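Okay, structure first, notes after.
Each value in this text was obtained by applying a stated rule to the coordinates, not by laboratory testing. Owing to the predicted nature of the structure, the values given are computational and were not obtained by experimental measurement. With ideal geometry, Cβ positions are generated from the backbone for all residues, glycine too; neighbour counts draw on all protein chains shown.
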């Protein structure tokens, strides 16, 4: 048994690397709180855990035993996690800079690219290090990044629902009709979600078209000829808190403006239905292409 006052993913990785060398007996990690990302790393290391919120996993080969229960994924008031998070435009710019950088890269350079204070950048990078999402060198420079896991962890802190105000609407002619309207509109926009994912990692036709706009939702809906609807809509307009999503959109061969792949996968990870599965496919596509993270 290993008792820890605070557990982080990095602590879990270290325990997993040493547990097999120090003892043949199964190891049980006990802590006041074990976050979901920490539990994932403990599971990968073949370790058991127990926390005071009810998160328990105990697996023994002899005698045969399997116990697993779920408690809290997050402690109210912060608890065992630092007050910092990856929520908000500033944190988003920093994470984007880390994902796109050629390694190794120093804190000052990351802060410059993200247009944030170096002190803020250093604190957030320390959070990423504690979460075992990046590795840092002796001078604090980032030397390695677990890109897919970093994006998934970022999505936890900044889910689609937190991106901005939304309005659900109806386009009677479906996706084809909407695409024709978008080609002719003067509205500045960026398509995200399932329709955008079709450009790189297609799975199935989208049921809901999600579009970022920087103008007012009502005005944009009117300009696009979309109808208000209480339920059953097939279009969602999003007025993001970060105007860069629309400003950095790029044109595709079909004449539409699409958000960057990184933004699309971030949105899919916390969207309903089959969107998380589409995010998995898009992440696999991105992981094979260095330029897809920029």
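Structural remarks
- Taking the longest Cα principal axis of the chain as reference, the axis of helix 147-157 is set at about 80 degrees.
- log10 of Debye I(q)/I(0), alpha-carbon scatterers only, for region 1-68 at 0.20, 0.22, 0.27 Å⁻¹: -0.73, -0.89, -1.31
- Packing here is the average count of other Cβ atoms within 10 Å per residue, and on that basis the peptides 258-271, 52-65, highest first, run 258-271, 52-65.
- Note on residue 40 and residue 120: with the Förster distance fixed at 25 Å, the Cβ-Cβ geometry gives a FRET efficiency of about 0.40.
- Spin-label pair residue 87-residue 166: with each label point 7 Å from Cα along the Cα-Cβ axis, the two points sit 1.6 nm from one another.
- Peptides 247-254, 206-213, 235-242 ranked from most to least packed, by the mean per-residue count of other Cβ atoms within 10 Å: 206-213, 235-242, 247-254.
- One decimal place: the segment residue 143-residue 215 gains 21.9 nm when fully extended, by the rule 0.36 nm per residue minus the C-alpha distance.
- An oblate overall shape is assigned to region 214-274, the ratio a/c of its alpha-carbon gyration tensor axes (a ≥ b ≥ c) being 1.5 or greater and a/b not exceeding b/c.
- Mean Cβ neighbour count within 10 Å, used as a protection proxy, ranking 99-106, 30-37, 226-233 highest first: 30-37, 99-106, 226-233
- Region 169-183-region 240-294 distance, computed between alpha-carbon centres (Å): 20 Å
- Taking 0.36 nm per residue of separation and subtracting the Cα-Cα distance, full extension of the segment from residue 294 to residue 65 would add 77.8 nm.
- Cα extents of region 89-157 along the three principal axes, largest first (Å): 26, 25, 20
- Each part reduced to its alpha carbon centroid, region 90-148 and region 30-54 end up 26 Å apart.
- The stretch between residue 157 and residue 181 holds 5.2 nm of extra length on full extension. This uses 0.36 nm per residue minus the Cα-Cα distance.
- Note on the chain: GNM, Cα springs under 10 Å; of 68, 126, 171, the largest mean-square fluctuation is that of 68.
- Projected label distance in nm at residue 24 and residue 203, using a 7 Å step from Cα toward the beta-carbon: 4.4 nm
- Taking the longest Cα principal axis of the chain as reference, the axis of helix 89-100 is set at about 80 degrees.
- Put simply, the C-alpha atoms of the chain give a gyration tensor, and the ellipsoid matching it has half-axes of 39, 23, 17 Å, longest first.
- For the chain, share of DSSP beta bridges that run antiparallel, in % to the nearest 5: 70 percent
- FRET efficiency estimate (nearest 0.05) - Cβ-Cβ, residue 252 to residue 13, R0 41 angstrom: 0.55
- Principal-axis tilt of helix 9-22 within the chain, Cα atoms, nearest 10 degrees: 40 degrees
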